[in-house]
Each structure stands twice: as C-alpha cells, then as structure tokens.
Amino acid sequence: MAHLLSSNRQAVLDAGKLLDMQCEWIQYKELKDVATGNPVDSWHWDLLRERLSRAVELAGPKVPILEGRP
C-alpha cells in the first residue's frame, strides 16, 4: 500500500481520476509542516494492488535496483 498525498486537494482529485478512484474515497488528515511546525490540511488516497501499479507506471521511468546495495 502507498498513499498519494498532497496539501492540494484538487491535485489529489485529478490524480484520482487517472486511477479510477471515486471522489468519496478521498481522505482528509491534518499534518504538521516539518519546516514550520504548523498544521497543514492534506488529502490522500490509499493505493492498493492495480491502482498502486498504475500510479507507479504514471509516475515515470523505472529505476533499476542495484544488486548488493543496502
């Protein structure tokens, strides 16, 4: 599982459309801005299985994993 998260709600909704997510599934969470310590509104999708695979495909080229590296 992975989270697709942003403080820009519309950006999360737009990404959700590409992944066939239903807008009712969007989740809200107030997070802390690490730079300022101030609370920030944020929204996210939980990505699983096919939607997670699709999000990875849309994110860009795959980076090969180097063997023998931690």
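Observations
- Look at the alpha carbon pairs under 8 Å that are at least 6 residues apart: their mean separation over the length of region 2-59 gives a relative contact order of 43 percent.
- Remark: the chain carries a charge dipole of roughly 160 debye about the Cα centre, counting +1 on each Lys and Arg Cβ and -1 on each Asp and Glu Cβ.
- Values of log10 I(q)/I(0), in the order q = 0.12, 0.15, 0.18, 0.28 Å⁻¹, for the chain under a Debye, Cα-only, solvent-free model: -0.42, -0.60, -0.77, -1.21
- Computed from Cα positions, the angle between helix 9-18 and the longest principal axis of the chain comes to roughly 40 degrees.
- Value of [θ]222 nm, deg cm²/dmol, for the chain, DSSP H segments ≥ 4, -39500 (n - 2.57) each, nearest 500: -9000 deg cm²/dmol
- Helix 49-59 axis, angle to the chain major axis (alpha carbon atoms, nearest 10°): 90
Rule-based calculations on the coordinates, nothing more; no lab input. These numbers were taken from a predicted model, which means no experiment stands behind them. Here the Cβ is made from the backbone with ideal geometry for all residues, glycine too, and neighbour counts use every protein chain on show.
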